[in-house]
Amino acid sequence: MMKIVVMLKAVPDTETRFQIREDEKDVVYDDSIEWIPSPYDEYALEAAIQTKEKLGGTVTLLTLGKGVESQVIRKALAMGADDAVLVNNEDLANSDPLGIAKVLAKELEALQPDLVFAGRLATDTADSFVGPAVGELLNMPVVAEISGLEAEEGKIIVTRDATARKEKFEITLPAIVTTDKGLNEPRYPKLPDIMKAKRKKVDEKDGSGYLEFAGTANRKVTQIKVEFPPAKKGGVIFTGDLDEAVEKLVDALHNKEKVI
Amino acid sequence: MLSVKIERDVVGKYPSYLNDESGLVSGNADKIFFPENENDVKDIMKKAQNGKIPVTISGGGTGISGGRVPLNGWILATDAMTKLDIGNMEWTDPEFNETFQISLIEFNNEAILLAPVAMRLKSIQNFARENGWFYPPDPTERSAFIGGNVSTNASGARSFKYGSTKKWVVGLRAVLPDGSSVSLCRWEYRDKLPEQFFQNTDVTITKDGRKFIIHKLGKEIVLPFPTYELPNVTKNVAGLVWTDDSEPLDIFIGSNGIFGAVTAVALKLIRPPQNILSILIFCKNNIQALEVIKLAQNQRRTQNFPIPMSVEYLDDRAVEIMHGKDHTIPNAKAAIILEQDLTDDLLDNGIEFWVNSLDKLGIESSSVAQTHKEIEHHKFLRHLIPETINLIVRKNGQPKLGTDYSVPDQYFPELLELAKTKGDEFESQRSDQSRLGYAIWAHAGDSHLHLNFLPATLEEVKRAKQMMVEIMSYVVSVGGSIAAEHGLGKKKFNGKPAIVFQYGEKGLQEIRNLKQKVDPTLLLNRGNIIGV
């Protein structure tokens, strides 16, 4: 019986067109944003559910939230997680990556998992930090960015894509792994499971006890400015009839860009 | 002198404009014009009229009934018509990196988008979404131009709840074959559209009972409604579908451009649904699928909550295509894609309704998409079906022959059965048994079925056509439509325009008479609907 935990983060839809706040310190998070499970966390969740299906056990979601997570958690429960722990505290959620890792580590300590899955990064902040940092804080082994997984009682064998090769590791549990694209195809929930998810337990807490060591007041990394990258230079359109246009294109590739 | 871009070597430089996605007929043209605005269109039409030169209007080229295929003369390609003179804002679609000049007029619960005809349906949906609005029509081919959507009265899946394009066009501007322009709107939108929308026109069109009247320079052209009986279905674009509720702008909606070229459209937008669930339902057999369809139709007929936005049927072959791309899709015998829109307060009630209903029918397997991205993935999978079929068609080197038939709801199970029987019969008679011979999908909520034959030889084309005629006779005999959404375009059967099979020779003659009153020498969009 495995006790599995998935660290799940809600992020804005990856196609969101952001506006920058007036003080330029962050983007605007308003009602127009659709919150989704961070796509890499969906691989983590799918891996957790598959492991549970194979070896038995439970899958618990662990989320540090700022009040926008309920739909995302419900969806993950509908996919097959059993219950969830939601630390709902905007100040903690806005802390720096180490502060966030500290909160999650404390909660994991209480949950006593055999195996923890997290996405290799959250698509909004893209730090790739929190998963490994939690492992460090808990003194648990970590393998990051796995694209293959075989779970057995007491150990897992994982694959990681390195440059021009694949690496395989055997890890003794308890352990933390972060998941990469290609690991699996996350399932969509079945219709009845969406209703069943409503009845699953979400242990919501305010996390105020963590503020003194992990809140924004303690953060050492603070985002001070956000700006858009310079607009890409528009492509060049070669006009004229087909022969003319092709001639101009070849000329530009050969003489100007010097690529052919 | 015309100031628009003209090209004389159409065959050499713009060969794609001689065809569309139907592969039905390949056309020919001497020149292609790329007008940028209505005045350009007027100039071209007048010049063509003076020289008695046929003109064929081209939209996005995504049609599947040959509507834009030119039968000699000139092509009027609307590709450059991306900017409305009366538009007051520029908007760039990040998906296609195309810029449009448009207007958005917002009211409390609805908005009007003034759009140029070359704006793609997907761009309209993107624009609406970005601005907190929603354009409900959802034809599967989203790279189509809105001009083409209007000319064919395109519909697609969500018409189950929201109706076809026609219902969402509240105004349009058009140029008649003689080069005169007209601006029309639905009566109740008279005060909602800006004054400029109605300026600079040459003719007016009014309605008097079952007659439309074109007024030009004191002269009147009277267009009496055709007398044929319309099919008893929820989706029909066969010929002219004029009813007592029709307004003058409906002359140009769904008439395959035989009365004029649309140059600007005013579309109604509404607030987006708070929640949309796209539910893929995997059935053990067709009986289960038909039960789901019947239930959805009942909901609509009785106007009981919840009414889905769309109810799509996919046969095992179509499901297999999706499975090939996404292994989370099981290889089911049949599948239904049901899109359900729900307000926040009724979200759980709506879900519960479908959970209980499917449970009662013994359906266990489903896949639910809830976020925009997931719903887009479902749509992508759904669109993959015709795309994959079209690839096979290209490989086979013969046109796809697909039915576009709808029937009164109670006959849908019979139609599905007949389609399956004919498909199997067709497949069993082929020399090469390994090739896929057909696939069926249906906008089943509207009892509208696409049986797609995939012939690879001329002999097979002939056989498929014969089968289509047989199914067509059945469809007409039960009060159905032989053109539910694709339009008749240049389709012919046994050498006759397809319209004859729907409304008889008399119906054809009536439409031809109307066409001749507006376009005496039959120059505009030759071949569409009436065959000449």
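Remarks
Yes/no per residue for (1) hydrophobic (A, V, I, L, M, F, W, C); (2) away from chain A (no Cβ under 11 Å); (3) surrounded by 18 or more Cβ atoms within 10 Å (Cβ to Cβ):
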residue	(1), (2), (3)
B:Ala296	yes, yes, yes
B:Arg301	no, yes, no
B:His323	no, yes, no
B:Thr328	no, no, no
B:Ala369	yes, no, yes
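- Residue match in region A:49-56 (condition: within 28 Å of A:Asn184 (Cα to Cα), open to solvent by less than 10 Å² (accessible area, probe 1.4 Å) and away from every other protein chain (no Cβ under 14 Å)): yes
- Considering residues of region A:154-179 that are within 19 Å of A:Leu45 (Cα to Cα) and part of a loop (DSSP other than H, G, I, E, B) only, the residue most open to solvent (accessible area, probe 1.4 Å): A:Pro174
- Contact map, region B:289-307: residues that are β-branched (Val, Ile, Thr) paired with residues that are part of a helix (DSSP H, G or I), Cβ distance under 7 Å, separation 6+ or inter-chain. Pairs shown: B:Ile293/B:Phe412; B:Ile293/B:Ala444; B:Ile293/B:Gly445; B:Ile307/B:Lys161; B:Ile307/B:Gln299; B:Ile307/B:Arg300.
- Some residue of region B:166-173 being at pLDDT 95 or above, outside any strand (DSSP E or B) and basic (Lys, Arg): yes
- Annotation: of all residues in region A:77-89 being among the aliphatic types (A, V, I, L, M) and closer than 21 Å to A:Asp206 by Cα, the one that is nearest to the other protein chains (Cβ to nearest Cβ) is A:Leu77.
- Only listed residue being over 22 Å from the mean Cα position of the chain (by Cα), of a type outside the set (Asp, Glu) and within 14 Å of another protein chain (Cβ to nearest Cβ), chosen from A:Lys155, A:Lys225, A:Lys166, A:Lys198: A:Lys198
- Only a single criterion out of (1) within 14 Å of another protein chain (Cβ to nearest Cβ); (2) not in a strand (DSSP E or B) is not satisfied by B:Ser123, namely (1).
- Among the residues of this structure, B:Val233 does not count as one that is in contact with a Gly (Cβ under 9 Å, 6 or more places away or on another chain), assigned by TED's automatic domain parsing to the domain that holds B:Val262 and within 26 Å of B:Ala80 (Cα to Cα).
- Close contacts from region B:520-532, counting a first residue that is within 15 Å of B:Leu240 (Cβ to Cβ) and a second that is open to solvent by 30 Å² or more (accessible area, probe 1.4 Å) and among the charged types (D, E, K, R), with Cβ to Cβ under 6 Å and a gap of 6+ residues or different chains, come to B:Ile530/B:Arg512.
- Of the residues making up region A:201-216, those that are touching a residue at least 12 places away in the same chain (Cβ under 8 Å) and either within 14 Å of another protein chain (Cβ to nearest Cβ) or assigned to a helix (DSSP H, G or I) (or both) are A:Ser208, A:Tyr210, A:Leu211, A:Phe213, A:Ala214, A:Thr216.
- Whichever residue in region B:69-99 is touching a residue at least 24 places away in the same chain (Cβ under 8 Å), outside any loop (DSSP other than H, G, I, E, B) and among the hydrophobic types (A, V, I, L, M, F, W, C) and, among such residues, is surrounded by the most Cβ atoms within 10 Å (Cβ to Cβ): B:Leu76
- Checking each residue of region B:341-360 against the condition of being touching a Cys at 6+ places or on another chain (Cβ under 9 Å), within 14 Å of chain A (Cβ to nearest Cβ) and open to solvent by less than 50 Å² (accessible area, probe 1.4 Å) gives no match.
The values are calculated or read from the model by the stated rules, or taken from the named source; none is laboratory data. Owing to the predicted nature of the structure, the values given are computational and were not obtained by experimental measurement. Because the Cβ atoms are built from the backbone with ideal geometry, glycine has one as well, and the counts that use them run over all protein chains shown. Just the protein is used for accessible areas: all its heavy atoms, side chains included, with ligands, DNA and RNA removed. Shrake-Rupley method; radii C 1.70, N 1.55, O 1.52, S 1.80 Å.
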